[in-house]
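So the structure is just underneath, and the comments pick up after that.
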Amino acid sequence: MSVVQRWLREASQPYLHANLVYNDVDSALESHPSVRPKTDVYTYDDGRTELLLCVHGLLPISFRGASYNIPISVWLPQEYPKAVPIVYVVPTSDMLVRASKSVDPSGRCNFPYMENWERKSE
């Protein structure tokens with residue numbers, strides 16, 4: 001078990017489904033080596049704050065024949081997997097977030113898969 005995996009095992013303990021959180025985040029880290037985990041305080045829209053696990057970093061994508069590295073943050077609510085992850089595009093100082101049907105001006109993402117999350121959760 002790597003240092004990151006040991007840290008992740010400990011960081012996932014406050015979650016009701018700690019093993020699932022650990023497995024899902026570990027899988028994401030293995031699939032996307034340009035992201036890493038952290039814990040940080042997340043502030044919800046209603047002002048509540050909570051210490052959450054976050055996977056953040058660069059997500060490589062291809063769009064119209066060009067490659068881009070999109071900076072993202074994926075927050076796991078304490079109710080995960082019942083609650084959908086909270087996903088943001090986190091622009092660098094020389095980037096702008098272009099609002100669309102899937103991304104709001106703050107960078108928060110909402111995709112059809114996420115809208116249907118509750119029906120898919122275990």
For this session: Output the residue which, of all residues in segment 11-27 that are at pLDDT 95 or above and hydrophobic (A, V, I, L, M, F, W, C), is most open to solvent (accessible area, probe 1.4 Å).
Result: Leu20
Exercise. Got at least one residue in segment 30-53 being over 20 Å from Glu115 (Cα atoms), open to solvent by 70 Å² or more (accessible area, probe 1.4 Å) and in contact with a Pro (Cβ under 6 Å, 6 or more places away or on another chain)?
Worked result: no
Exercise. If you go through segment 100-121 one residue at a time, do you hit one that is small (Gly, Ala, Ser), at pLDDT below 90, closer than 30 Å to Met1 by Cα and surrounded by 10 or more Cβ atoms within 10 Å (Cβ to Cβ)?
Worked result: yes
Exercise. Of all residues in segment 56-71, which are touching a strand residue (DSSP E or B) at 6+ places or on another chain (Cβ under 6 Å) and among the polar types (S, T, N, Q)?
Worked result: Asn69
Exercise. Do any residues in segment 72-92 that are open to solvent by 30 Å² or more (accessible area, probe 1.4 Å) and modelled with pLDDT of 95 or more have Cβ atoms under 6 Å from those of residues that are basic (Lys, Arg) and not in a loop (DSSP other than H, G, I, E, B), where the two are at least six apart or on different chains, and which pairs are they?
Worked result: Tyr88/Arg108
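The values are calculated or read from the model by the stated rules, or taken from the named source; none is laboratory data. Source: prediction; values computed, not measured. For neighbour counting, all protein chains shown are included, and Cβ atoms are generated from backbone atoms with ideal geometry for every residue, glycine included. Only protein heavy atoms, including side chains, enter the accessible area calculation; ligands, DNA and RNA are left aside. Shrake-Rupley method; radii C 1.70, N 1.55, O 1.52, S 1.80 Å.
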